[in-house]
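Worksheet for the structure shown next.
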Amino acid sequence: MKNISILGSTGSIGTNALTIVERFPDRFSVVALAAKSRIDLLARQIEQYRPDVAVVYTESLAKELKQRLPAGIPVRILHGEEGYRAAATHGAADIVLTAMVGAAGLQPTLDAISAGKDIALANKETLVMAGELVMKAAKDSGVNIYPVDSEHSAIFQCLAGNRRQDMERILLTGSGGPFRKWPKKRFQEITVEDALNHPNWSMGRKITIDSSTMMNKGLEVIEASWLFGVATDRIQVVIHPRSIVHSMVAFKDGSVIAQLGVPDMKGAIAYALSCPERLDIGMPAPDFPDIGALEFGAPDFEKFPCLAMAFDACQTGHSLPAVLNASNEIAVAAFLDRQIPYAGIPETVRRTMEKHVLIKDPSLDDLFATDMWARRTAEEEIKTLSG
């Protein structure tokens with residue numbers, strides 16, 4: 001039996017993970033669930049999976065959650081930073097699925113690593129902000145980091161049984177999002193509803209917007225660089241609209257190994273939780289005769305400047321990726337709140353990055369301070385854009 005703590009249990013990754021737990025009750029047990037504010041769903045999850053600990057964002061939400069639970073359920077309701085830390089470091093947890101959205105996932109992930117817990121990593125911002133610190137902490141603690149993003153899971157699987165020194169480059173695939181074929185002049189027409197209409201994947205609102213701007217792919221470039229120890233010049237983004245090839249690895253002998261599957265996150269989640277074993281999760285293999293041709297292309301860096309800025313941030317390193325991440329979070333939230341147009345997302349990120357004074361070899365405190373500075377600066381830029 002493997003005991004799991006899920007940080008972000010009410011999001012798309014968390015709910016998919018719980019369907020896997022439900023399918024294999026003799027293999028997995030949930031010891032902690034953490035969410036932000038969706039207490040109706042969290043209450044149902046607590047009733048079904050009976051964790052020892054459940055966490056929400058504020059004390060008032062914790063009180064409301066207690067009131068919604070039937071009497072007699074033996075769960076400890078916690079809130080805030082200390083609550084998330086308790087869920088991340090639960091003594092009985094064997095693996096912690098970190099699926100919190102945004103920079104909020106960094107500290108709990110580090111707490112879990114310090115507690116010696118293996119990590120199923122779905123929060124890409126953790127490595128974007130503090131990749132060097134996180135990977136060093138994992139090495140020092142002797143814990144495994146299993147990627148949950150479908151692309152990084154694919155790379156992880158392609159490398160299994162192969163020598164890292166034989167890897168030539170990573171081919172990171174992406175669908176291109178809903179605006180792949182739109183001319184740039186039409187981007188000024190893009191609405192929130194347009195951007196939330198992803199052609200292949202069902203994801204949370206923030207990640208869906210990031211996918212449409214290709215910032216999500218840019219963040220994945222930075223994450224891949226840290227996870228697999230490669231420089232950006234050895235990471236190539238390949239547009240693959242069908243999302244069947246989840247990513248590939250090219251080796252120095254010219255061979256390329258790809259991992260393929262239907263576009264569903266449960267495959268990557270299940271592999272992270274059960275690695276190296278593969279579980280029968282009821283997922284069909286792709287129907288290749290029905291699919292026909294698998295199309296590939298190059299990304300348009302001019303049309304999708306967020307991807308170009310992410311490559312620049314990765315190449316520069318130090319504190320700049322934290323600025324990229326934080327300013328993007330603020331810009332996406334502003335777009336979803338209809339404060340700025342779609343083009344305001346990359347513009348906010350660009351202006352914030354240009355104002356940043358680089359901090360070399362930043363400490364964790366430096367990175368948190370940089371994150372706060374970038375958020376404040378991005379908010380000021382948004383006022384300029386919306387005014």
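Here, each number is a calculation from the coordinates, and none is a lab measurement. Fair warning: this is a prediction, and the values are worked out from it, not measured in the lab. Note that each Cβ is placed from the backbone with ideal geometry, even for glycine, and that neighbours are counted across all protein chains shown.
For segment 137-226, the set of trypsin sites (Lys or Arg not before Pro) satisfying both a DSSP loop assignment and a count of at most 11 other C-beta atoms within 10 Å is given as Arg163, Lys181. Kirkwood's formula applied to the C-alpha pairs of the chain gives a hydrodynamic radius of 21.4 angstrom. Relative contact order, percent, of the chain when contacts are C-alpha pairs under 8 Å separated by at least 6 residues? Computed over the chain, the figure is 14 percent.
Stokes-Einstein, applied to the Kirkwood radius of segment 315-387 over Cα pairs at a viscosity of 0.890 mPa s and 25 °C, places its translational diffusion at 204 µm² s⁻¹. Each Lys and Arg Cβ is given +1 and each Asp and Glu Cβ -1; about its Cα centre, the chain then shows a dipole of about 300 debye.
Between Val96, Ser386, Ala250, the Cα set farthest toward the positive side of the dipole of the chain (charges on each charged residue's Cβ, about the Cα centre) is that of Ser386. In segment 2-147, Cα pairs under 8 Å separated by at least six residues give a relative contact order of 23 percent.
Each residue in Thr316, Thr109 was given a count of other beta-carbon atoms within 10 angstrom of its own, and listing them fewest first yields Thr316, Thr109. A Förster distance of 41 Å, applied to the separation of the beta-carbon atoms of Arg186 and Gln236, puts the FRET efficiency at 0.90.
Each principal axis of segment 189-335 carries a Cα extent, and these read 40, 40, 31 Å when sorted largest first. Of the chymotrypsin sites (Phe, Trp or Tyr not before Pro) in segment 226-278, not one is in a loop by DSSP (not H, G, I, E or B) with at most 14 other beta carbons within 10 Å. Computed over segment 181-332, relative contact order equals 27 percent, with contacts defined as Cα pairs under 8 Å that lie 6+ residues apart. The HN-Hα couplings worked out from phi for segment 169-179 by the Karplus form 6.51 cos²θ - 1.76 cosθ + 1.60 (θ = phi - 60°) are 7, 9, 10, 8, 8, x, 5, x, x, x, 10 Hz, whole numbers, x standing for Gly and Pro.
A dipole drawn for segment 2-147 from +1 and -1 charges on Cβ atoms has a positive end, and of Gly11, Met129, Ala112 the residue lying farthest that way is Gly11.
Per-residue Cβ neighbour counts within 10 Å put Asp140, Asp253 in the sequence Asp253, Asp140, beginning with the fewest. Extension gain for Glu295-Asp166 works out to 43.8 nm (0.36 nm per residue, less the C-alpha to C-alpha distance). Amide H contacts of Gln259 (H built 1.01 Å from N, in plane; Pro and chain starts excluded): His246, Ser247 sit under 5 Å, all sequence-distant by 5 or more or on other chains.
Listed by Cβ neighbour count within 10 Å, with the fewest neighbours leading, Asp149, Asp280, Asp264, Asp118 appear as Asp280, Asp264, Asp118, Asp149. Shape class of segment 291-338 from the alpha-carbon gyration tensor: oblate, with a/c at 1.5 or above and b/c at least as large as a/b. Counting only DSSP H runs of at least 4 residues, each contributing -39500 (n - 2.57), and dividing by the residue count of the chain, the helix-based mean residue ellipticity at 222 nm comes to -14500 deg cm²/dmol. Residues in segment 17-30 carry Karplus couplings, in order, of 4, 5, 5, 6, 4, 4, 6, 10, x, 7, 10, 10, 9, 9 Hz; the curve used is 6.51 cos²θ - 1.76 cosθ + 1.60 with θ = phi - 60°, and Gly or Pro positions show x. Run the Debye formula on the Cα coordinates of segment 2-147, all scatterers equal and no solvent, and tell me log10 I(q)/I(0) at q = 0.11, 0.16 1/Å. Those come out to -0.36, -0.76, one per q.
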